[in-house]
Amino acid sequence: MRAMMLIAGKDLRLRIRDRSALMVGLVVPFTLAVIFSLILGNAEEGPIELSFGVVDADRSSVSGELMEVLVSLETEGIFDLETAGDPDAAQALIDEGTIGAAIVIPAGFGEAVESGSGTRLTVLGHPDRPTSSTIATSIAETFAANIEGVRLAAVTAAQIGADVGAAVAEAQSAPPSVSLAGIEAANRQLDLTTFFVAGMAVFFLFFTVQFGVTSLLEEQREGTMSRLLAAPISRGAIVGAKAVVSFALGLVSMGVLIGVSTVLLGAEWGNPLGVALLVVGGVVSAVGIMAVVAAFARTPEGAGNLQAVIAVGLGMLGGVFFPAPLGDGVLAGLAMLTPHRWFMTGLADLAGGGGVTVVFPSVVALLGFGLVTGGLAAFRIRRTVMA
Amino acid sequence: MTSPVLAVEAISKTFGEIQAVRGVSFEIQPGETYGLLGPNGAGKTTSINIVAGLLEPDAGSVRVLGESLTTRTIEPKRSVGLVPQELAIYPDLTARENLRFFGRLYDLAGVKLSTRIDHVLDVVGLSDRADDAAKEYSGGMKRRLNIAIGLLHEPRLLILDEPTVGVDPQSRNAILESVEELSSEGLAVLYTTHYMEEAERLCDRVGIIDDGEIKAEGDRRGLVALIGEKDRIVVETVGATDGVTELLTAMAGVSGATAVDGRFDLLVDDAASVLPAVFGSFSEHQVTVTSLQVIEPDLEAVFLHLTGKALRD
């Protein structure tokens, strides 16, 4: 144990001295998380704050129904509504950022609807605010579909000789088709800041821990392995020291990122014990996977290249770069083969308000990755590097 | 006879199809420097790696101070200091940090460790650069640090694997002087080299190794005798030399003597033992000796005779 700690202490000193671990383990992931968070998360973080405009150039009973829907949604606090006199004024409000998009009801809209002659609603938007445009379009399309339903009811009633007025009234009194209740993060989902910090942290964790396990190959290249093997210490102490260094670098990197992001970025990680278990599991899995790569490589450079490819591949497959759902298909299945996905899933489970027990499946999976790959690495190292 | 510090018995090692070492055996006594002399690829480093506990032999055994040494044993390794052929230092650490780290691996600590560090730095002449990063050293300085690490824990056996390869003449001489001094202090030294002159200067006994086998073993004189080579004594003189040639030829230990223009060329079994008698003969005939040169057959000739190839092949 003493020899293992001596070697680990020497390795940590070297890593601290060349600053590479500091850069890869802390500076780069934190910086990238902040940048991603600022670019992608700033406008739509937490409950989405939306503002829409409406131009009612028709002022008919039909356009009044759409206005009624929009006002009711504003009353519910789902978005802010601004009224503009004409399309140019609405576009000006969009351009200055007061509103995200606007629905324009043209003059003669109601008359056209009632006569069945055909008309159209126009949605004004801005290329930088696609979400607002999409929601406004959705509202307009839903309203149009609702009108189409009423019209179909009237036509059908006329064709079968029923009371057209009653059919129209019944169709109009149906529950509102337009509903935007709940435009906010689902329960089991991280807020964007936490997502990006966690994503970058677990992504760069795989680069950070490689410093430890790859140094076994560096000892060979530098010739110092022969001195270590000739020293009165067990061979297990040499391999163990490398694992200890990887583990320590990984834990420190994750711990500092979690602490700093909580204080500076307001990241919300959830139950501390659950987070700690996930971090330990994540570090174990990263050490195991990077160790097995190093064990099968011939040079530190070869190991580094292969480790980078695997770290990037697993990170992409595990969905750490963008908070996009993976669905239930092949991609989702493959994602579950990555420690990254289990780590993020565990954090999302914690974000859903669960206690420490909700992370157990993720932690077991992460430890499983680490133990299987670590065991394979140890077997290989015994037969090659330490033979 | 004292018990040997190192006893190597019939070690063999095969890598795939290649048998790198075949039944190598030798012993080293305290204060003795034993040289493994052979060209690159002869099996020197593989033998060293087995002796140092880096490699497990397929057959044979290694005993240090009577204890079996293998890749898995711990205690016997405390008595062995290894100076590998390749530099085995951490370039980003200073000399002192390198020494402190390796010293602690050998359970040195506190004042004793500091004292030993200062001592070995002094021995290899690196005291004034002890706190510089090793990567800033010249090749020769790195070699000297490499040796210092091997000496730090006061081993009973020091293994030096081609320690002067790629070293400038000044550092090379410093290294050889260090080895001579250590040997005189009672350290057993196993020294591999393909430089004949180093083996002749340092080694009390030499094992000629080639194709993984020790072809012959002994001190320089014994090896030379083995192949029937003789010493030559060349003497320049002035004055009348009548009758001297006959006298020298009849002398015990002298195989032949010729004289041309006052220059005598003698073929002798052992120059050192016959020199007094040779001088006596010249003195007796009142011949003035102006110069004398002893030419001994070197190990290069022995190696050539035994293996049919030159050391640097």
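The values are calculated or read from the model by the stated rules, or taken from the named source; none is laboratory data. Note that the structure is predicted; figures quoted are calculated from it, not measured. A quick note on method: Cβ atoms are made from the backbone with ideal geometry, for glycine too, and the neighbour counts reach across all protein chains shown.
Of note:
- The set of residues in region B:115-125 that are in contact with a Leu (Cβ under 9 Å, 6 or more places away or on another chain) and modelled with pLDDT of 90 or more comprises B:Arg116, B:Ile117, B:His119, B:Val120, B:Leu121.
- Filter result for B:Thr237 (of a type in the set (S, T, N, Q) and without any contact (Cβ under 8 Å) to a residue 24 or more places away in the chain): no
- When A:Ser226, A:Ser246 are screened for being out of contact with any Ser or Thr (no Cβ under 7 Å at 6 or more places or on another chain) and more than 14 Å from chain B (Cβ to nearest Cβ), only A:Ser246 passes.
- Counting only strands (runs of 3 or more DSSP E) that sit wholly inside region B:188-278, those with at least 1 residues that are surrounded by fewer than 15 Cβ atoms within 10 Å (Cβ to Cβ) are B:231-238, B:254-260, B:263-268.
- Positions within region B:202-258 being within 30 Å of B:Thr46 (Cα to Cα) and among the hydrophobic types (A, V, I, L, M, F, W, C), in sequence order: B:Leu202, B:Cys203, B:Val206, B:Ile208, B:Ile209, B:Ile214, B:Ala216, B:Leu223, B:Val224, B:Ala225, B:Leu226, B:Ile227
Quick grid of which residues meet (1) surrounded by 18 or more Cβ atoms within 10 Å (Cβ to Cβ); (2) acidic (Asp, Glu); (3) assigned to a loop (DSSP other than H, G, I, E, B):
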position: B:Val21; (1), (2), (3): yes, no, no
position: B:Ser47; (1), (2), (3): yes, no, no
position: B:Arg63; (1), (2), (3): no, no, no
position: B:Gly81; (1), (2), (3): yes, no, no
position: B:Tyr90; (1), (2), (3): yes, no, yes
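- Residue selected from region B:36-82 under the condition within 13 Å of another protein chain (Cβ to nearest Cβ) and among the basic types (Lys, Arg), by the criterion farthest from B:Gly23 (Cα to Cα): B:Arg78
- If you go through region B:120-139 and keep only what is acidic (Asp, Glu) and in a loop (DSSP other than H, G, I, E, B), you end up with B:Asp131, B:Asp132.
- Test: residue in region B:77-84 that is touching a Pro at 6+ places or on another chain (Cβ under 6 Å), among the basic types (Lys, Arg) and closer than 18 Å to A:Pro232 by Cβ: yes
- Of all residues in region B:83-109, those that are more than 8 Å from chain A (Cβ to nearest Cβ) and either of a type in the set (Ser, Thr, Tyr) or farther than 26 Å from A:Arg221 by Cα (or both) total 3.
- Residues in region B:132-144 that are buried (at least 24 other Cβ atoms within 10 Å of the Cβ) and within 13 Å of chain A (Cβ to nearest Cβ): 1 in all.
- Condition met for B:Lys112 (surrounded by fewer than 19 Cβ atoms within 10 Å (Cβ to Cβ), within 12 Å of another protein chain (Cβ to nearest Cβ) and part of a helix (DSSP H, G or I)): no
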